[in-house]
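Everything below concerns the one structure shown next.
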Amino acid sequence: MQSNAVSLNDIVAHYGNSQVLHGLNMSVADGELVSLLGSSGCGKTTTLRLLAGFIRPSSGSIALSGRDVTGLPPYRRGIGIVFQNYALFPHLTVAQNVGFGLKQRQVAEPERGKRVAAMLERVGLSSFADRYPSALSGGQRQRVALARALVIDPPLLMLDEPLSNLDAKLRVDMRSEIRELQRANKRTAIYVTHDQEEAFSISDRVAIMDAGRIVQLDAPETLFTRPVNAFVARFVGFENLVPMIVVERDGDRVICEAAGGVRTTLSLAATGPVGDRFVIGARPEGLAIGAPSNSTIPGTIGVRTYLGRTYQYRIDTPAGPLVANGPFSQPLQQGEAVGIGFLADQCCILPMENN
Amino acid sequence: MQQRSVNPVVAAIGWLVMAFLMAPIVIVIGAAVSDTTYLAFPPQGFSLRWFGNVLQQRSFMASFQTSMQVAISATSIALAIGLFAAYGLARFGKTIPAWFGSVFLLPLFVPEIVFGFSLLKTVIVSLELPVTTALIVGHTIICLPYMVRVISASLSSFDFSIEEAAVSLGMHPIKVFLTIVLPNIRSGVIAAVVLAFITSLNDVAVSLFLTGPGVSTLPIEVFTYVEQFFDPSVAAVSVLLMGVTIIVMALVERTLGLGKAVK
Ligand SMILES: Nc1ncnc2c1ncn2[C@@H]1O[C@H](COP(=O)(O)OP(=O)(O)OP(=O)(O)O)[C@@H](O)[C@H]1O
Ligand SMILES: [Mg+2]
């Protein structure tokens, strides 16, 4: 087995009696930046805390660079962490905070000062070097936390929502700084965020987490086009998930039936033989609104929302409500009868989930 | 600058409290410098001879020495135990049964007289410990609740994630405790030390049972002195004791306060 920078195997973790991680598996290759993306409370911070060694898994094993560290104390793991709540040392100045890790690594003075100054420059806080954290704004504190972790150039860097408190411009600047440093030094990084765009733009791969498990860990493009289940599909914007059954097929042209007995013709090679059940996922722009026909799903226009260049419609169909975008040039009226077709190249096919 | 208006009732209460707190000190100082052979306030005349008298009395000086020795030892031991107890309770509080923290407060609930008497029975009579050791043991126990309570209070607002930050940056946990945790709970530790020191220095009830022939603490010595004499010496002793307390507080503030400069 090749040695990954990080591998978490079947991790179960508890806080007291409540189980937070339910058999989490994840591996991160050397020099890779992986984002953890998931809703609040799904266990992202807990995963980082396990890697850092602040909490122990109830079962499962953790390896860093192929070495089992399940029992290794945190101060010997050499992981740089940007804490979600910053965790700056209140009794130290900004410069001392940033220089803290270098001092522990016996980096002597002229060199240490130089590296601290250079890092403060990068995060745009050079003029705040002698302030105490209590005299900084939230975003400035966050950048100190970022600088403190980046300056030690750790082999593994973990960032827990490191940019959550910054404005849009600074966020983009900082995220390219992070990416640049990580790439230049070929460091491994785990990046926690709520922001899908941020995760997709900065990462080599993205892990989607749900309720204490990783449901999919893939390159952004793969996630975006080929989600593995309904949770991920919804997460990446496939708002319309319609269960179907194949009733007839002729080469790539497949006639499928959805709930309510409505039929539609799809040109999808990916579906199985007659009788196969699957779920088709489509983003609002992956549905085509046209005149009713016998190859589309019949529906009536409901609520219309103006989105700038397009209109978004809620459409009531026998197969359930759908959300589709239509061109700005021809607004449709509420109650109008339409036919909904799936743009096959923009749709995803998911296995049927029993629930 | 705009002056904040203070409710006159609140102001009056404030001044009354101040007067109430200051009065004993003023009276004691006044009585100590009185040029009379009995305690008098307001002082009649001015004389420092009672201070001279105190400093010449061997019993006062010896008991003062005992008091200091006991107070310093008891405070140090209580600090060592209290600091770790408070830290442990704050850090691992969730995994420790709730009643455990209250154990450290128990000495507050036992009447000191009863406590002193039981110490006499066990420590001195059964274990045959020397008086000074017995005093240190007894005072350590009465100081402990203050230590644990006051330090716990300042730890309750301490953010333990900075401890994790320091550890993750490669610092050994013991060093983290000394250089990260301690400086941030400094004021609580200073308050606890001062409180414990004063508690020990002023204790009568527990010491009463433990002191024996030849070994006595200053408050006990003052106690026996006023049973026989009524001259201003006791006031002079009190003033000296206050002076010592203030010096010790300043020293504590200085030494522990230096923690801030330690990087
Ligand atoms: N110290 C703790 N004691 C008990 N439960 C905890 C503790 N810390 C976290 N939890 C619980 O564990 C679960 C996962 O928490 P975690 O902090 O890992 O979430 P997260 O994914 O980082 O969320 P967010 O995006 O809001 O930061 C949550 O349900 C939370 O309530
Ligand atoms: Mg979190």
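The values are calculated or read from the model by the stated rules, or taken from the named source; none is laboratory data. Bear in mind the structure is a predicted one, so any value in this text is a computation, not a measurement. Cβ placement follows ideal geometry from the backbone for every residue including glycine, while neighbour counts extend to all protein chains displayed. Areas reflect the complete protein model, heavy atoms only, side chains present, ligands, DNA and RNA absent. Shrake-Rupley method; radii C 1.70, N 1.55, O 1.52, S 1.80 Å.
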Which residue is farthest from the other protein chains (Cβ to nearest Cβ), if the candidates are limited to segment B:164-191 and must be out of contact with any Leu (no Cβ under 7 Å at 6 or more places or on another chain) and touching a residue at least 60 places away in the same chain (Cβ under 8 Å)? B:PHE177
Can you tell me which of (1) away from ligand 1 (no atom under 13 Å from the Cβ); (2) farther than 27 Å from B:HIS172 by Cα; (3) open to solvent by 20 Å² or more (accessible area, probe 1.4 Å); (4) modelled with pLDDT of 90 or more is the one A:SER3 doesn't meet? (4)
Qualifying residues in segment A:43-54 (those that are within 14 Å of ligand 2 (Cβ to nearest atom) and open to solvent by less than 30 Å² (accessible area, probe 1.4 Å)) - the one nearest to the chain's Cα centre (by Cα): A:LYS44
Within segment A:30-42, can you find the residues that are open to solvent by 10 Å² or more (accessible area, probe 1.4 Å) and either within 10 Å of ligand 1 (Cβ to nearest atom) or within 22 Å of B:GLU164 (Cβ to Cβ) (or both)? A:SER39, A:SER40, A:GLY41
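So which helices (runs of 4 or more DSSP H) are wholly in segment B:182-263 and hold at least 2 residues that are within 19 Å of B:ILE77 (Cβ to Cβ) and under 20 Å from the mean Cα position of the chain (by Cα)?
B:186-202, B:205-210, B:233-257
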Pairs please, first residue from segment A:24-48 and more than 14 Å from chain B (Cβ to nearest Cβ), second anywhere and near ligand 1 (Cβ under 6 Å from one of its atoms) and not small (Gly, Ala, Ser), Cβ atoms under 6 Å, 6+ apart in sequence or on different chains. A:LEU36/A:LYS44; A:GLY38/A:LYS44; A:GLY43/A:VAL20
Go through (1) surrounded by 19 or more Cβ atoms within 10 Å (Cβ to Cβ); (2) within 12 Å of A:MET158 (Cα to Cα) and name the single condition A:GLN84 misses. (1)
Of the residues in segment A:82-99, those that are more than 7 Å from chain B (Cβ to nearest Cβ) and among the small types (Gly, Ala, Ser) come to A:ALA95, A:GLY99
Can you find a residue that is within 11 Å of ligand 2 (Cβ to nearest atom), within 16 Å of the chain's Cα centre (by Cα) and in the same structural domain as A:ASP195 (by TED's automatic domain parsing) anywhere in segment A:20-37? yes
